[in-house]
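*Asks:* Below you'll find the structure I mean.
The values are calculated or read from the model by the stated rules, or taken from the named source; none is laboratory data. Values in this document were obtained by computation on a predicted structure and should not be read as measured data. Heads up, the Cβs are rebuilt from the backbone with ideal geometry, glycines too, and the neighbour counts pull from every protein chain shown. With ligands, DNA and RNA removed, areas are computed over all heavy atoms of the protein, side chains included. Shrake-Rupley method; radii C 1.70, N 1.55, O 1.52, S 1.80 Å.
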Amino acid sequence: MRSFPIAVTALLAAVDLVSAYPGMGQQMDELMSLKERQNTPELIGDLLTLADEELTPTGAAIKAILLNQAAGQDATSNVTLPVPPKGSAACAADTCCIWKHIADEMASAMVGSALRCNNLARAAIRLGFHDAGTWSKSTVGGGADGSAVLARECENRPSNNGLQNVCSQMRAWHQNYQVYGISMADLIQMGANVATVVCPLGPRVRTFVGRVDSSTPNPDGLLPGAFQSADELIAMFEDKTISPAALIALVGAHSTSQQRFVDQGRAGDPQDRTPGVWDVNFYDEIKSTSSPARVFKFQSDINLSVDPRTSGTWNAFMSPNGQRPWNGAYARAYVRLSLLGVNNINDLTECTKVLPPPITDGFPIPDEVEMGRFLQGPRNRQATDALLEGDLLPEFVENL
């Protein structure tokens with residue numbers, strides 16, 4: 001029986017994507033400054049104590065990402081087809097094989113008829129943040145250990161309101177695949193990275209498996225809120241080893257968002273003009289004085305956009321050429337976030353090759369006219385629900 005080959009990891013250029021993008025013109029100085037602000041050479045987990053000669057290839061690769069010496073995204077690695085069946089000896093021979101089956105199942109559930117990512121995808125990204133973000137240097141325990149689901153933090157903590165459905169889905173996937181030895185911690189982070197790349201224009205974040213699960217509740221009070229000041233947010237994330245510039249890259253995930261609980265009277269309102277699309281419109285929208293009526297802005301995002309420690313990074317991403325720098329910065333920052341509290345980094349396996357390919361060549365909005373009417377008009381439950389599912393807006397369907 002033919003064995004499933006080991007991943008061929010073809011990195012994007014080792015040059016930092018933030019400074020390598022051509023055609024920046026006037027933006028180059030600002031983006032070079034961004035690169036300097038992103039340089040947070042702080043190691044985490046077992047990488048803090050291991051010498052270079054003790055590192056596995058995966059440990060060395062992760063260390064390079066954390067030190068801003070390698071890209072956090074990979075657009076080209078892929079599995080060799082056909083993928084061996086689940087439960088076969090060939091599949092068992094490659095750690096990543098079962099994850100290809102899982103990633104494909106996730107991807108098919110995370111996109112609607114408009115090819116926009118849907119509410120399951122958005123929730124999966126948020127769950128990845130919330131499971132990993134419960135770690136800091138000044139507390140004990142926490143991090144990307146699956147406890148958001150296993151310790152029922154999804155149901156028991158107000159900060160996780162809205163994650164109940166995705167946590168139920170993670171339990172169902174885990175039930176189906178745990179016989180193959182997967183952890184809930186890895187399942188959550190795989191879900192976040194699949195969701196990110198199926199969102200049009202989203203990056204293909206380098207993805208690692210081998211985390212250890214915990215059913216012990218993680219420290220509470222370590223997740224950001226929608227009304228926090230820039231001071232509070234910057235301090236919170238620096239205590240997680242995440243720099244102010246990396247924080248700005250991470251909050252850009254709001255680009256795909258439709259808020260539901262910060263203001264329930266406006267449930268379903270998007271945070272920029274292109275919900276379900278991973279683009280830099282969010283950065284521009286937060287600072288715009290002429291946003292459409294339905295665009296909802298978190299006060300915390302407004303605070304970060306104008307703070308002198310973060311406004312330069314914000315402005316760089318909101319430029320017309322900001323998409324590629326943002327994707328590169330987000331991917332590297334998310335690799336770090338997804339490994340917080342993980343103390344066996346050197347033993348992990350890279351499985352980026354199982355992710356779907358990125359959509360990088362632009363994304364024309366298929367129902368642009370109807371989207372414009374929705375954004376400018378009164379709240380429309382039918383349209384809101386369609387957007388949540390990533391589907392074509394109703395008027396567009398009716399006019400086909």
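*Asks:* Quick one: compute the contact order of the chain, relative version, from alpha carbon pairs under 8 angstrom and 6+ residues apart, as a percent.
*Replies:* Answer for the chain is 26 percent.
*Asks:* For the chain, with every protein chain kept in place, what is the accessible area per residue (1.4 Å probe, Å²)?
*Replies:* Accessible area per residue, the chain: 40 Å².
*Asks:* So, R0 is 35 Å and r is the distance between the beta-carbons of Ser159 and Ala64; what FRET efficiency does that work out to, to 0.05?
*Replies:* Taking R0 as 35 Å, the efficiency between Ser159 and Ala64 is 0.60.
*Asks:* Show the residues, 5+ positions off or on another chain, whose built amide H is closer than 5 Å to the amide H of Gln73.
*Replies:* Those lying under 5 Å, H to H, from Gln73 are Arg206.
*Asks:* Compare Phe227, Phe298, Phe317 by solvent-accessible area with a 1.4 Å probe and give them largest first, with all protein chains kept in place.
*Replies:* Putting Phe227, Phe298, Phe317 in descending order of accessible area: Phe227, Phe298, Phe317.
*Asks:* Compute the Cα gyration tensor for the range 278-323, then decide on rounded, prolate or oblate, letting a ≥ b ≥ c be the square roots of its eigenvalues: rounded whenever a/c is under 1.5, prolate when a/b is larger than b/c in the other cases, and oblate in all that remain.
*Replies:* oblate
*Asks:* A further question on this structure: Take the solvent-accessible surface of the protein heavy atoms, probe 1.4 Å, and return the percent of it on the chain that carbon and sulfur atoms account for.
*Replies:* Of the solvent-accessible surface of the chain, carbon and sulfur hold 53 percent.
*Asks:* Give me the accessible area of Ile359, 1.4 Å probe, in Å² rounded to the nearest 10.
*Replies:* About 60 Å², ignoring ligands and nucleic acids.
*Asks:* For a test of understanding, tell me how many lysine pairs in the chain have Cα atoms under 14 Å apart, given they are 8 or more places apart or on different chains.
*Replies:* Lysine pairs meeting both conditions in the chain amount to 4.
*Asks:* Right, another one. I need the peptides 130-143, 364-377 ranked by packing, meaning the mean over residues of other C-beta atoms within 10 angstrom, with the highest value on top.
*Replies:* 130-143, 364-377
*Asks:* Turning to a different aspect of this structure: Provide the packing ranking of 105-116, 170-181, i.e. peptides ordered by the mean count of other C-beta atoms within 10 Å per residue, highest first.
*Replies:* Per-residue Cβ counts within 10 Å, averaged per peptide and sorted highest first, yield 105-116, 170-181.
*Asks:* Does the range 60-170 classify as rounded, prolate or oblate by the C-alpha gyration tensor (a ≥ b ≥ c root eigenvalues; a/c under 1.5 gives rounded; else a/b over b/c gives prolate, otherwise oblate)?
*Replies:* Oblate.
*Asks:* Please give the peptides 232-243, 192-203, 334-345 ranked by average Cβ packing (other Cβ atoms within 10 Å per residue), highest first, as a rough proxy for protection.
*Replies:* The densest-packed peptide leads the list: 192-203, 334-345, 232-243.
*Asks:* For Glu53 and Thr76 in the same chain, what is the full-extension length gain: residue separation times 0.36 nm, less their Cα-Cα distance, in nm?
*Replies:* Length gained between Glu53 and Thr76: 5.5 nm.
*Asks:* Which one is right for this structure if Rg and Dmax of the Cα atoms in Å is calculated from it: (1) 22.5, 80; (2) 20.1, 64; (3) 23.6, 74?
*Replies:* (2)
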